[in-house]
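One structure is given below, encoded as structure tokens.
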Amino acid sequence: MFDLKVINSVLGELEEVRGIPREKIIEAIEAALATAYKKEYGKKGQIIRAKFDIKTGEVEFMQVKVVVDATRVIFDEEEIPGEGDERTYYNPEQHILLEDAKKIKRNAVLDDEVVFPIESKGDYGRIAAQTAKQVIMQKIREAEKVSVLGEFGAREGEIVSGTVQRIERGNIFVDMGRATGLLPYEEQIPGEHFAQGERVRAYLYRVEESPRGVFLRLSRSHPKFLEKLFEAEAPELQNGAIVVKAVAREAGYRSKIAAQALDTHIDPVGALVGQRGVRVSTVMSELRGEKIDVIEWNEDVKKFIEEALSPAKILDIKLDDEMKTATVHVSESEQSLAIGKGGQNVRLAAKLTGWKIDIQSAKGEELATAEAKTDNIE
């Protein structure tokens, strides 16, 4: 029935290539054989187990009976248990009374299992063989799913890469090897395009299990993608010498990132920008030229808001702590910089700081307002 050379070859491949332990596959084979045997020859209620010897190819079948107390079972099938009656119907194919179990197994106790060897029939038939094959494939898929979930679950919150498998209605399906990644249209950077077979990097923000397999939810517009790109370029961020306190993004156009140095000897802005701007340039290149403002985080809210509105120069800031609103006055020459094209600069500053920001002229005229919708990622 079994070609041991083929089985061992398959087991080796599954273990090496797909990361499925050999023991899991053998368990699947044993479960399949037991299922096929019971379907072909078993009786109602029987508990059948199989033991497969990978070295010889021999199979042993066993019937398992659970030890029960005579006072806790119902022997008469016509008896109807009353409310609160915890007794179960006695099935001689599934149960064995404690007094009988002790004749076979001296130290038997309730709920123990007593194993009886049963005849190993050589011909399982076409239906049994097909059943065994189906169960084996199901068990292999289940074991592989667990393996994939473990592998990619550990990588959730990291940057991953794969190749574009196909594009459907703007959604990009990415071949990640043992799983498929989904980069939805709304998680892409506006204006960027990928071709089939092209390499793509993205932020893995969620791992999902579905009947069709494991799906990886990817994003290139997520604020964390920006942070992780900087982490790959700046060792100071990797080793914890500096930390990212907040990120605000309008993917594909402009972002602001605020960093704080835990080591007083390190300039957090310089660490992210890099010598001659090489680090920030590398990140901008990955983001298709997205402009990035790197600023230093400050506990002083006024100073932090002032930094967040850079490159504009601020005249003064008044805070309303109760409403969490900052009224910012700027000179006429700095108004366009403070507000930004289409209000982008003040909008990102509000996201970065978590404060509603009102931009006013030096005379107190209302110029622009941005709500505190924050992408902070502490």
With each label point set 7 Å from Cα along the Cα-Cβ vector, what nm distance links ARG141 and GLU156? 2.3
TM-like helix rule applied to the chain (DSSP H, alpha carbon span at least 18 Å on the long axis, mean Kyte-Doolittle at least -0.5) gives 4-17, 22-41, 125-153
Using a cut-off of 11 Å between beta-carbons, work out the net charge of the residues near LYS302 (Lys and Arg +1, Asp and Glu -1, LYS302 not included). -3
Between segment 317-378 and segment 260-291, the alpha-carbon center distance in angstrom: 24
Distance between modelled label sites at GLU299 and THR264, nm, 7 Å Cα→Cβ extension: 1.3
Let's test the formula: R0 of 45 Å, r as the Cβ-Cβ distance of ILE80 and LYS55. What FRET efficiency results, to the nearest 0.05? 0.30
Taking the chain and dividing mean pair separation by its residue count, relative contact order in percent (alpha carbons under 8 Å, at least six apart): 10
Subtract the Cα-Cα distance of SER331 and ASP100 from 0.36 nm times their separation in residues, and report this length gain in nm to one decimal. 73.5 nm
Among PHE75, PHE304, PHE61, whose mean-square fluctuation peaks in a Gaussian network model of the chain (Cα, cutoff 10 Å)? PHE75
Fraction of the pair-distance distribution of the chain above 39 Å, Cα-Cα pairs, percent: 48
Sorted from largest down, what three extents in whole angstroms do the Cα atoms of segment 222-297 have along their principal axes? 33, 23, 17
Which percent of Cα pairs goes in each bin when the distances of segment 157-218 are cut into 5 angstrom slices starting at zero? 4, 19, 32, 28, 13, 3, 0
Calculated from DSSP H runs of 4 or more alone, at -39500 (n - 2.57) each and per residue, what is the 222 nm mean residue ellipticity of the chain, nearest 500? -10000 deg cm²/dmol
Along segment 155-162, Karplus-curve 3J(HN,Hα) (6.51, -1.76, 1.60; θ = phi - 60°) to the nearest Hz, with x for Gly and Pro, reads 9, 4, x, 10, 8, 10, 9, x
Between ALA34, ALA368, ALA70, where does the largest GNM mean-square fluctuation fall for the chain, given springs only between Cα atoms within less than 10 Å? ALA70
Those GluC sites (Glu not before Pro) from segment 269-377 that are DSSP loop and have at most 10 other Cβ neighbours within 10 Å turn out to be GLU299, GLU322, GLU365
So which GluC sites (Glu not before Pro) in segment 224-257 are both in a DSSP loop and have at most 13 other Cβ atoms within 10 Å of their Cβ? none
Pull up the DSSP beta bridges for the chain and report the antiparallel fraction as a percent, rounded to 5. 70
Give the long-range amide H neighbours of ILE118: residues separated by 5 or more places, or on another chain, with amide H under 5 Å away, using H modelled in the peptide plane at 1.01 Å from N. PHE61, MET62, GLN63
Say a paramagnetic label sat at a point 7 Å from the Cα of GLU209, along Cα to Cβ; which residues of segment 138-182 have their backbone N under 15 Å from it? 139-154
Using θ = phi - 60° and the Karplus curve 6.51 cos²θ - 1.76 cosθ + 1.60, what whole-Hz ³J(HN,Hα) does each residue of segment 181-196 get, with Gly and Pro shown as x? x, 10, 10, x, 4, 6, 9, 8, 7, x, x, 8, 9, 10, 9, 4
Surrounding charge for ASP76, neighbours by C-beta under 14 angstrom, Lys/Arg +1, Asp/Glu -1, total -3
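Computed from the coordinates by the stated procedures, all read-outs in this text should not be read as laboratory data. Keep in mind it's a predicted model, so treat the numbers as computed, not measured. Virtual Cβ from ideal backbone geometry, glycine too; neighbours counted across all protein chains shown.
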